[in-house]
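J.: Input: one structure, supplied below.
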Amino acid sequence: MVGSSSMKNVWLSMEHQSVLWCNQLAVQVAHTLLSIIDPINGQPFSSIQKRVFVFTKMLQSAAPQSLGSMTHVPGSLPSNLPANGNRDAGELQKKDSLSCPPSTQWTSDGLEKDLYIQSNSVTVLAMDGRRRWLDIKKLGSNGRGHFVFVTNLAPCSGVRIHLWPEKHHSPVQNEVPAGKKIVEVTSKMVQIPAGPAPKQVEPGSQTEQPPPSAFLLLSPEELNGFSFMTISVAPRPTISGRPPPAASMAVGQFFNPEEGASAHSTARIIRSSFAPEEIFLSEDHPLALNLTFSASLGLLPVILSLKTAGCGIKNAGDQMEAERNNLCKLRCFPPVALAWDSVSGLHIIPNIYSETIVVDSSPAFWDSPEGTDRTTVMILADPHCSYKVTARASLSAAASRFFLLYSSEILGFMVAIMFFGLMRQSSAWECDSSVPSILSAIESNLGLPKPFMLLCFTPTLLFLAFLFFMTQQKPPFGTFLLVTMICYIVANGFTILLILSSKLFLYSVAILHVFIKRRWQSWGDGAQSAFLRRFFTFSFSLQSLKIVQMLKNNPNIIVALATLPLVCLVHPAIGLALLLLSHTFHAHSNLCSFLSASFRSITQKKDFYKSKSDGLQQLLPLDDSPTAPKSFTDSQLELFDCRHGIMILHLLTTLMFVPSLVAWLQRIGMGQNFPWFIDSAICVGVILHGLFGSQPNVSCCISFKLPGRRGREVGLSFLYLLAGYYSFISSMALAPYRALYAMAIIGYICFASSVIERRNMVRGDVSSRRSRKHSHRH
């Protein structure tokens, strides 16, 4: 397996990256498929080892292996994929070694006088056709055992690098004694994206330093056993009638990776959003700088900026800063950032003067591998110049990444929160208490310490215990727990906002409806009501029909006949949308009844105190008498609160099917298939839950004892608690859709309990539970 970010010549951090990335990936894969064709017979290689080696050579970039010694991360693919005993693969590997192709072989006669480098840095400013010698033992001492080389010259055709066991004047292998082979490492160079090199205004004029297009990292282990290194630069091509070639650049350095390294903890990253972290790099700094972030940049993106502070030019009194910057551009190549993540691989950001560094990682998931909670960034900056490095966290990018990564987990937590709210409502009904609104129930569940510990920490600890004892997945405990708590709190906030907005909408519509209805009735009592009276007479005659009476007394039949065929034959989201309309209609009816009764009660009380007459008391509803356990207005408000909670729960359920609905709409006209049986069965259970579980008195029908000698009797509230736990754990496992399973099971239980209860009532075997004080007329 190899990720696209670890492929050769496939880069993500580019402008128009969607189109460019597809083109790069398609070209690279096409070349790879052509390379597995045997030129002898025109058929693919029959040897599996041969094909694996070709895929490895053509697709796998050398960047992970080159950065392994710097970032302490493994490569994407092992380097010894072909079996050593396989003769065909061995021949192919020998043929495709790190040496350059024969067409780019240079002879010693084509090179000018050799140069001997005495400092730990080497600089190439032109294609001068010279070979530079570096003493590995001397220049790589004092802990500077790593070597880095950055250039815009093309590997093999523009520059070649060899490792020598001893000093010799010929790069040809056959002229070197056996056992002392020269090793060419040019093909280890990693190509990176770079913009076009600056053009010369006129021949001979100085240009800005071009951006690097390749780099090479060699560890002490790779340099072990060699005494010298040569950097051979090709002569400058001269073609008449063509514009002069772009500026050439190459910088190499022996360095210590611990020099200039900086570690940023999570607290420092968060604090940097208000007080940016600043690092000053003086001249002659290490070419490769390591920045380690304890928090993944996939979750906390960082804005990294490099500002050139100097380039060896002394500040004159009348020298402008802009002029100094222009002069520094002539001497310093644009810096490059290499961000490495253990999941998404390598991200290359060229010309990084000010960029937001984001890696496509997914930290703090239950299946996140080790190392996903940190990111390493390597900066390749010109050692001849000084820089001011500023790093600060981007809160807007962090919020965007947070919701992008954890939106499914937050949605699953919202479903669990609604289950916990319905649990508290059902528990209040079972205890003969006033049923709270769904908003009050959620607010009570956030109380510290007992409710929050029971409904948040308990399922989290159960899930972590399951991971540690039943699976091999062991996510970072601290990061996983922190992100889970944040997601749960954010889910509570979103749920409360959804409830408040829907409640505001329902109240606004109900108040407007009641107001218009009262005005209409007062207008209808006047002289211009002849038409209205005939209309009402006709409507009353229709309502007297038996079929209309049956449908009016059993509204669930209409909803079931409309929704069940849709979820089974068309698409589940359409049937659930009709169920939502049914919930909205019933909630609106209950709220209108509550408001009408409240307004009527207020008006009658005002008239009563005004007229001092007792006759108006007969106009009050029967249930509003002082002896009634519950008033009519209170009962309608309780019905609205219960229906409102079920409506929000099923709204979240419908949202889970929206992506599938969009895909289904796009396939219209291309041949349709029926929904899967499991989807239809789950949605049928959800619809049954909406039809038979939306009334609060359904708690009277569901009752069973827990196993054991002292098992207490539990009801619907216990089922909602289990469903909330299951939804919570499923959300942490990145499977929020499993909450539908729990909802469907509760729906089937409510349906079965309602059927059994109705059968018992027909037989006259009415349970004593029906005589509790909540069994008033609704």
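J.: What is the number of the single condition among (1) modelled with pLDDT under 80; (2) in contact with a Gly (Cβ under 9 Å, 6 or more places away or on another chain); (3) not basic (Lys, Arg) that PHE477 does not meet?
T.: Of (1) modelled with pLDDT under 80; (2) in contact with a Gly (Cβ under 9 Å, 6 or more places away or on another chain); (3) not basic (Lys, Arg), only one is false for PHE477: (2).
J.: Could you tell me how many of the residues in the stretch 292-306 are part of a strand (DSSP E or B) and open to solvent by less than 10 Å² (accessible area, probe 1.4 Å)?
T.: 4
J.: I would also like to ask the following. Can you tell me which residues in the stretch 497-511 are open to solvent by less than 100 Å² (accessible area, probe 1.4 Å), among the hydrophobic types (A, V, I, L, M, F, W, C) and more than 13 Å from SER589 (Cα to Cα)?
T.: Residues satisfying the conditions are LEU498, ILE499, LEU500.
J.: Give me a count of the residues in the stretch 441-457 that are among the polar types (S, T, N, Q) and surrounded by 15 or more Cβ atoms within 10 Å (Cβ to Cβ).
T.: Total meeting the criteria: 1.
J.: Let me ask you something else. Scan the stretch 255-288 residue by residue and report those that are within 17 Å of PRO335 (Cα to Cα) and among the β-branched types (Val, Ile, Thr).
T.: Listed by number, the list holds a single entry, ILE279.
J.: Mind listing whichever residues of the stretch 137-152 are touching a strand residue (DSSP E or B) at 6+ places or on another chain (Cβ under 9 Å) and charged (D, E, K, R)?
T.: Residues satisfying the conditions are LYS137, ARG144.
J.: Evaluate the following for GLY195: is it modelled with pLDDT under 80 and open to solvent by less than 50 Å² (accessible area, probe 1.4 Å)?
T.: Spelling it out, GLY195 is indeed modelled with pLDDT under 80 and open to solvent by less than 50 Å² (accessible area, probe 1.4 Å).
J.: Looking at SER539, is it at pLDDT below 80, open to solvent by less than 40 Å² (accessible area, probe 1.4 Å), part of a helix (DSSP H, G or I) and on the phi < 0 side of the Ramachandran plot?
T.: yes
J.: Oh, and also: Working only within the stretch 256-270, note down all residues that are outside any loop (DSSP other than H, G, I, E, B) and either without any contact (Cβ under 8 Å) to a residue 60 or more places away in the chain or surrounded by 15 or more Cβ atoms within 10 Å (Cβ to Cβ) (or both).
T.: Result: SER262, ALA263, HIS264, THR266, ALA267, ARG268, ILE269.
J.: For LEU595, state whether it is under 33 Å from the mean Cα position of the chain (by Cα) and within 26 Å of TRP520 (Cα to Cα).
T.: no
J.: I need the full set of residues from the stretch 1-28 which are open to solvent by 40 Å² or more (accessible area, probe 1.4 Å), over 21 Å from VAL343 (Cα atoms) and modelled with pLDDT of 65 or more, in order please.
T.: Once the filter is applied, which keeps residues that are open to solvent by 40 Å² or more (accessible area, probe 1.4 Å), over 21 Å from VAL343 (Cα atoms) and modelled with pLDDT of 65 or more, the stretch 1-28 yields VAL19, LEU20, ASN23, ALA26, VAL27.
J.: Among the residues of the stretch 29-48 satisfying the criterion of being touching a Phe, Trp or Tyr at 6+ places or on another chain (Cβ under 8 Å) and within 15 Å of LEU59 (Cβ to Cβ), which is least open to solvent (accessible area, probe 1.4 Å)?
T.: The qualifying residue least open to solvent (accessible area, probe 1.4 Å) is THR32.
So that you can scan it fast, the table gives a plain yes or no per residue for (1) surrounded by fewer than 22 Cβ atoms within 10 Å (Cβ to Cβ); (2) touching a Ser or Thr at 6+ places or on another chain (Cβ under 8 Å); (3) closer than 26 Å to GLN636 by Cβ; (4) modelled with pLDDT of 85 or more:
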position: ALA681; (1), (2), (3), (4): yes, no, no, yes
position: GLY708; (1), (2), (3), (4): yes, no, no, no
position: TYR720; (1), (2), (3), (4): no, yes, yes, yes
position: SER727; (1), (2), (3), (4): no, no, no, yes
position: ARG759; (1), (2), (3), (4): yes, no, no, no
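J.: What pairs come out if I take residues in the stretch 395-419 that are farther than 16 Å from GLY645 by Cα and assigned to a helix (DSSP H, G or I) and pair them with residues that are open to solvent by 10 Å² or more (accessible area, probe 1.4 Å) and hydroxyl-bearing (Ser, Thr, Tyr) whose C-beta lies under 6 Å away, six or more apart or interchain?
T.: Short answer, once both residue conditions are applied: LEU395/SER273; ALA397/THR356; LEU405/SER362.
J.: What pairs come up if the first residue lies in the stretch 438-462 and is farther than 20 Å from ILE499 by Cα, the second is part of a helix (DSSP H, G or I) and β-branched (Val, Ile, Thr), and their beta carbons are under 7 Å apart, counting only those six or more places apart or on different chains?
T.: PRO459/ILE729; THR460/THR484; LEU462/ILE729
J.: So which residues in the stretch 714-741 are polar (S, T, N, Q) and either outside any helix (DSSP H, G or I) or under 14 Å from THR653 (Cα atoms) (or both)?
T.: Within the stretch 714-741, SER727, SER731 qualify.
The values are calculated or read from the model by the stated rules, or taken from the named source; none is laboratory data. Source: prediction; values computed, not measured. Methodologically, a virtual Cβ is constructed for each residue, glycine included, from the backbone with ideal geometry; neighbour enumeration extends over all protein chains shown. Accessible surface is based on the protein model in full, side chains and every heavy atom, while ligands, DNA and RNA are left aside. Shrake-Rupley method; radii C 1.70, N 1.55, O 1.52, S 1.80 Å.
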